[in-house]
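A.B. asks: Sending over a structure as structure tokens; questions will come in a sec.
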Amino acid sequence: MVGLAIGLAMAAGVRAEPFPNLSDAKTTARAYHDDGDYERDIAQVADWAIAWIEHRATQRTADERLVVLMDVDETVLSNYPHMDEQDFGYVPSVWVEWVERAAAPAIEPIKRVFEAARKHDMVVIFLTGRGEPEETAGTIENLQHVGMGDFERIIFRGAEDTAPTAAERKLLRRIQLEEEGWTIIASLGDQGSDLAGGHAERIFKLPNPFYRVP
């Protein structure tokens, strides 16, 4: 009888192993964040990035315009309070309200990377998926509030960005920066799409168990 049941299940297309339970996945993500492993993993990436910035500063030539490129969400600003409150859901209007509050805390290890770049006279440019104009003012206020207001510019997602994916859009923006004469010595982001396609001397990928952006 057991063999018959298995055969019927296979014939009906039933999976032998169930999908991961969504509630369990959320519990695991919260535990990873709350027990300190998330910040420790980010701190390791930050240490690698700072070491590279310090090394690269000793190798720069007089005519180089060096830039450290950073994503915003889950790279320099943590939206975890908002995500936790929303049970990892996404409601666009509620998200915009969160951005307008300018209340996202800094991801402190990456703030150290920001400070290292500025210490060595490298500019920081933020390349974000946040859109203009609705997310512009709150983002700038938030960065200033957490002590990262000394940046060169923020490149928001605008009407001119017609690439079908974040990966393609950000790649095109990096190419544009190079065409302006910048040398991107480091690119930091929490998504593979923040970094895909090159056009940076070094890339530094942060963990993000909460969501994925193609």
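A.B. asks: Which whole-number percent gives the relative contact order of the range 103-214, counting Cα pairs below 8 Å spaced six or more residues apart?
C.D. replies: 19
A.B. asks: A follow-up question, please. Extension gain Phe19-Ala31, at 0.36 nm per residue separation less the Cα-Cα distance, in nm?
C.D. replies: Extra length available between Phe19 and Ala31 comes to 2.3 nm.
A.B. asks: While we're here: Which value, in debye to the nearest 20, describes the size of the charge dipole of the chain about its Cα centre when Lys and Arg Cβ atoms bear +1, Asp and Glu Cβ atoms bear -1, and nothing else is charged?
C.D. replies: 460
A.B. asks: Hey, another quick one. In terms of modelled amide H atoms, which long-range or inter-chain residues lie less than 5 Å from the amide H of Arg130?
C.D. replies: Here the answer is Arg157, since their amide H atoms fall under 5 Å of that of Arg130.
A.B. asks: Sequence-distant or interchain residues sharing an amide H contact under 5 Å with Leu77, placed H: which?
C.D. replies: Here Ile107 satisfy the definition.
A.B. asks: May I ask for the net charge around Glu179, where only other residues with Cβ less than 13 Å from the Cβ of Glu179 are counted and Lys, Arg are +1 while Asp, Glu are -1?
C.D. replies: Numbers: positive: Arg65, Arg173, Arg174; negative: Glu178, Glu180.
Net charge in that neighbourhood comes out at +1.
A.B. asks: In addition: Find how many whole Å separate the alpha carbon centroid of the range 146-163 from the alpha carbon centroid of the range 177-214.
C.D. replies: 14
A.B. asks: Still on this structure, please answer the following. Mind checking which lysines have their Cα closer than 24 Å to the Cα of Lys119? Skip sequence neighbours fewer than 8 apart in that chain.
C.D. replies: Correct list for Lys119: Lys111, Lys205.
A.B. asks: Follow-up. What do you get for Rg/Rh of the chain when both radii come from the Cα atoms and Rh is the Kirkwood radius? Please report the intermediate quantities before stating the final value.
C.D. replies: On the way: Rg = 20.4 Å, Rh = 18.9 Å.
Ratio of gyration radius to Kirkwood radius: 1.08.
A.B. asks: How about Lys26: which aspartates and glutamates have a C-alpha closer than 15 Å to its C-alpha, ignoring those fewer than 8 places off in the same chain?
C.D. replies: Leaving aside aspartates and glutamates fewer than 8 places away in the same chain, those within reach of Lys26 are Asp34, Asp35, Asp84, Glu85, Asp87.
A.B. asks: Among bridges DSSP assigns within the chain, what percent are antiparallel (round to 5)?
C.D. replies: Roughly 5 percent of the DSSP beta bridges within the chain come out antiparallel.
A.B. asks: Put a dot 7 Å past each Cα toward the Cβ at Glu132 and Glu97; how far apart are the dots in nm?
C.D. replies: Result for the modelled spin labels: 2.7 nm.
A.B. asks: Residue by residue, what Karplus-based ³J(HN,Hα) values in Hz, rounded to whole numbers, does the range 85-96 have, using 6.51, -1.76 and 1.60 with θ = phi - 60° and x for Gly and Pro?
C.D. replies: Per-residue couplings from phi come out as 4, 8, 6, 6, x, 9, 10, x, 5, 5, 4, 4 Hz.
A.B. asks: Scanning the chain for GluC sites (Glu not before Pro) in DSSP loops with at most 11 other Cβ atoms within 10 Å, what's the longest stretch left with none?
C.D. replies: Details: sites that count: Glu160, Glu180.
The segment 1-159 is the longest one with no such site.
Bear in mind that the values in this text are calculations on the coordinates, not laboratory data. Here the structure is a predicted model, which means the values were calculated and not measured. Here Cβ is always computed from backbone atoms with ideal geometry, including for glycine, and neighbour counts include all displayed protein chains.
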